[in-house]
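Notes to accompany the following structure.
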Amino acid sequence: MHITEGMLPVKWAVTWYGVSALCVAKGLRDLNIKVKTVPAIKQMLGLLGAAVFIISLLPIPVPIAGTSAHPTGTPLAAILVGPFLSSILATVALLLQALFFAHGGLTTLGANVLSEGIVGSLVGYLVFRGLRRLGAGLGLAAGIAALLGNLSVYMATATELALALHGNQPVWSITWKFMLAFLPAQGPLAVLEALVTGGIIRYINIQRPDILRHLGVVNEPSPSSDVNFRGDNNVYRG
Amino acid sequence: MFTEVEHLLKKAAIVLTISFLVLIPAGVFPGAAHGQKWQGTDKVIEELASKMGGAKARPPLLNTDQGDLLLFLFAVGGFAAGVIVGVNWDRLFRRKEGSCESADVPDQGLAKPGQQA
């Protein structure tokens, strides 16, 4: 979701800019460290940056709702490179969209970065980590993380709008009204994003499990992926 | 527990994927017949916000939503992003001939579990 230029009062626009700036600063610090220590991080960031840009700009028609909506892509990025690096990718994507694609706006950039880049990334990352600790498989954990990450973006956007526009009404009731407007289109897309994200993480685990270990997505090698990676079972015998 | 859930979810994923693939093209025609415009959710929310809170959207700083200009920018942006994804995908996942290593990103020091890269 891109909150359009001019929709937020100055007070809230500045507040969301401040909150987002803190998280993006943490992301820049992480970036400096990871570029020096993690192999393949530059290629992964290039791939994910372009992917987040295009995924969050892709209007997919949802027949049930009769409207078009776009997925977010940030939960996938957060699972692979962490929530704060993911927020940098989202900031770059949202800035380009606001400048050249008439999506979002410069005054609402802070709010859009907070909802899509930070909340979506954090929820996706934490759900993925939590489910992995509970023993969930990679695909399942990534899928549920993407589903909840996607919905959390829209919950955050609804809250941002409600805080700015609730007037005399309770914030929660306005938030709920915005969520009800989002859900018919965004619910099916959240499911679609879950399927795609789960599939991509599983694919990477089969093709290049070492990359997932470099990035800290998985700790232990999975026997099935080693067989697929080398074509035999001798990878870890030293 | 998770194995059973995963098994069920795999089946659900197949059903949902097929449903989506069928529903999206099938939905285009009834949608067109009823005069729906496939308006973006952003626009729907913008109208709702205007009704509820009186917020008024302003045109963007660089208003590219003029004629075919936005279509041109979407095409260029999509192409550029596609190239970047493709090049980096190739660097990460293309393997050297007869080797497990990527041509550009070698499997550095990962011969043993727990070993430092």
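The values are calculated or read from the model by the stated rules, or taken from the named source; none is laboratory data. Since this is a predicted model, take the numbers as computed values, not measurements. Heads up, the Cβs are rebuilt from the backbone with ideal geometry, glycines too, and the neighbour counts pull from every protein chain shown. When the accessible area is computed, the model is the full protein with side chains, heavy atoms only, and any ligands, DNA or RNA have been set aside. Shrake-Rupley method; radii C 1.70, N 1.55, O 1.52, S 1.80 Å.
Among all residues of the range A:140-151, there is at least one that is farther than 21 Å from A:HIS70 by Cα and buried (at least 21 other Cβ atoms within 10 Å of the Cβ).
Counting the residues of the range A:68-84 that are hydroxyl-bearing (Ser, Thr, Tyr), buried (at least 24 other Cβ atoms within 10 Å of the Cβ) and within 14 Å of chain B (Cβ to nearest Cβ) gives 1. Checking each residue in the range B:90-108 for being facing chain A (nearest Cβ under 7 Å), modelled with pLDDT of 85 or more and open to solvent by less than 90 Å² (accessible area, probe 1.4 Å) picks out B:LEU92, B:PHE93. For the range A:40-67, enumerate the residues that are closer than 19 Å to A:LEU89 by Cβ and either facing chain B (nearest Cβ under 8 Å) or of a type in the set (Ser, Thr, Tyr) (or both). Selection gives A:ALA40, A:GLN43, A:MET44, A:GLY46, A:LEU47, A:GLY49, A:ALA50, A:ALA51, A:PHE53, A:ILE54, A:SER56, A:LEU57.
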